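Colleague: One structure coming up, written as C-alpha cells, with questions to follow.
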Amino acid sequence: MKIKLIIAAALALFVVSTQAQAKLKVFACEPEWKALAETIGGEQVKVTSATTAFQDPHHIEARPSLIAKTRRADLLICTGSELEIGWLPLLLRQSGNPQIQAGKPGYFMASEQVERIEVPEQMDRSMGDIHASGNPHVHLDPHRLLSIAEKLSQRLQLIDQKNAPFYQQQFANFRAKWLESVQSWEKQSATLAGKKVVVYHKNWSYLLAWLGIEAVADLEPKPGIPPTSSHLISLLQVAESEQPEAILIAAYQGDKGARWLSEKSGIPMLTLPFTVGGNNASTDLFTLYENTVSQLLNTLQDD
C-alpha cells in the first residue's frame, strides 16, 4: 500500500510538472502588457515582466536574468515604436531564440498594432528623445488597448492553436467587460474636457486626448531631457497665463522639478500610476483606469 501511495504521489507531481511546462511562456517588456497577456491568456500562459511600474521603460539594463527569460519565451510582447530601443535589441540578440525575433509570430509590438499620434515629420538629435514611429504610450487609450487585445488574442491563437477557442472566449469576455467600463469612465470624466495640465513627459498624450484634457506645458525642455532650472522658471510664466489645474507625473518619474513648480505656482502635483502596479489600487488594467480617472476627477473637477 505504501509503495502504491508513493507511486501515485510521484505520478501526481509529474502531471502537475507537465501541466506547468505546457503553459505558453510570455515575456512582457512592461507591466501593462503582462496584465493584458494574463487577461487574454488566462490559465494557459505564464507571464513575466522585464520592468515594474517604478522603472522608466526607456532605460533598462539588459541583465543576464532577462536574457535567460527571453531565451525560454514562446511570445514576446513589448510596446515597440523605439520605446525599448536601448535594451530590447540586445536581449533579442543574446537570447538566441528564433521564435521571438522580428517578423516571427512570437514577436508582438503592441503600439505597432494601432495608429499612433505625434509622428514627427522630421527629426534630428537636437529635438531630444523623440520616437520616429510616433508616441509609443498607447496603453492609456482604452479604445486602442481593446484593438491591441484583439490582435493579441489572434496571435495567441496562431502560436497555440490547440487552445485557440479558449483565447477567443477570453477576449470576448474581456471585450464585453471593457466596453462597459469604458462607457462608465467616459460618463464620469465628461467634466474633465477642456481642463489644462502641465506634464512631465509626453507619456500622457493618449490619456489626455481621450479625456479632452490639454497639456499646456512640459517639465522636460525637450523629450528625454530632465527639467532644468531655467526651464522651470519659464514655466512659472506659462502657469500664470494658462492657469493649469495640475502637474502630472508618473509613479516612476522623479518629482523634484514638479514639486518645485507646484510650490512656486500653487498648482497641485498629481502622481498617477501610469501602469499596472503604479500604486496599491492599480492591480490590473481595469483598476489602473479606475484609479487614474478617479484621481483626475478629485484634482481637476470643479467644486
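The values are calculated or read from the model by the stated rules, or taken from the named source; none is laboratory data. Model, not experiment: these values are computed from the prediction. Backbone-built Cβ (ideal geometry, glycine too); neighbour counts: all protein chains shown.
Colleague: Report yes if some residue within the stretch 277-289 is of a type in the set (A, V, I, L, M) and touching a strand residue (DSSP E or B) at 6+ places or on another chain (Cβ under 7 Å); otherwise report no.
Modeller: Going through the stretch 277-289, the residues of a type in the set (A, V, I, L, M) turn out to be 281, 285, 288.
Adding the requirement that they be touching a strand residue (DSSP E or B) at 6+ places or on another chain (Cβ under 7 Å) leaves none.
Checking the stretch 277-289: not a single residue is of a type in the set (A, V, I, L, M) and touching a strand residue (DSSP E or B) at 6+ places or on another chain (Cβ under 7 Å).
Colleague: Being over 24 Å from the mean Cα position of the chain (by Cα), surrounded by 15 or more Cβ atoms within 10 Å (Cβ to Cβ), within 25 Å of residue 59 (Cα to Cα) and not basic (Lys, Arg): is that true of residue 248 here? If you could, list the steps in order and put the result at the bottom.
Modeller: Numbers: over 24 Å from the mean Cα position of the chain (by Cα): no; surrounded by 15 or more Cβ atoms within 10 Å (Cβ to Cβ): yes; within 25 Å of residue 59 (Cα to Cα): yes; not basic (Lys, Arg): yes.
Against the criterion (over 24 Å from the mean Cα position of the chain (by Cα), surrounded by 15 or more Cβ atoms within 10 Å (Cβ to Cβ), within 25 Å of residue 59 (Cα to Cα) and not basic (Lys, Arg)), residue 248 does not qualify.
Colleague: Is it true that some residue in the stretch 20-43 is surrounded by 15 or more Cβ atoms within 10 Å (Cβ to Cβ), at pLDDT below 95, touching a Ser or Thr at 6+ places or on another chain (Cβ under 8 Å) and of a type in the set (Asp, Glu)?
Modeller: The answer is no, given that none of the residues of the stretch 20-43 is surrounded by 15 or more Cβ atoms within 10 Å (Cβ to Cβ), at pLDDT below 95, touching a Ser or Thr at 6+ places or on another chain (Cβ under 8 Å) and of a type in the set (Asp, Glu).
Colleague: For residue 280, only one of the following conditions fails: (1) within 19 Å of residue 194 (Cβ to Cβ); (2) assigned to a loop (DSSP other than H, G, I, E, B). What is its number?
Modeller: Result: residue 280 passes all but (1).
Colleague: Does residue 214 satisfy being under 30 Å from residue 179 (Cβ atoms) and either over 14 Å from the mean Cα position of the chain (by Cα) or of a type in the set (Phe, Trp, Tyr) (or both)? Lay out the reasoning, then the answer.
Modeller: On the way: under 30 Å from residue 179 (Cβ atoms): yes; either over 14 Å from the mean Cα position of the chain (by Cα) or of a type in the set (Phe, Trp, Tyr) (or both): yes.
The answer is yes for residue 214.
Colleague: Of the residues 65, 81, only one is hydroxyl-bearing (Ser, Thr, Tyr), in contact with a His (Cβ under 7 Å, 6 or more places away or on another chain) and surrounded by fewer than 22 Cβ atoms within 10 Å (Cβ to Cβ); which? I'd like the intermediate steps shown before the answer.
Modeller: Numbers: 65 fails: in contact with a His (Cβ under 7 Å, 6 or more places away or on another chain).
Being hydroxyl-bearing (Ser, Thr, Tyr), in contact with a His (Cβ under 7 Å, 6 or more places away or on another chain) and surrounded by fewer than 22 Cβ atoms within 10 Å (Cβ to Cβ) holds for just one of 65, 81, which is 81.
Colleague: Based on what the data block shows, is residue 227 modelled with pLDDT under 95, more than 22 Å from the chain's Cα centre (by Cα) and crowded, with 19+ Cβ neighbours inside 10 Å? Talk me through it step by step, then tell me what you get.
Modeller: Working: modelled with pLDDT under 95: yes; more than 22 Å from the chain's Cα centre (by Cα): yes; crowded, with 19+ Cβ neighbours inside 10 Å: yes.
For residue 227, the condition - modelled with pLDDT under 95, more than 22 Å from the chain's Cα centre (by Cα) and crowded, with 19+ Cβ neighbours inside 10 Å - is met.
Colleague: If you don't mind, there's one more thing I want to ask. Do you know which residues across the stretch 141-181 are farther than 17 Å from residue 44 by Cα, in contact (Cβ under 8 Å) with a residue 60 or more places away in the chain and aliphatic (A, V, I, L, M)?
Modeller: 145, 148
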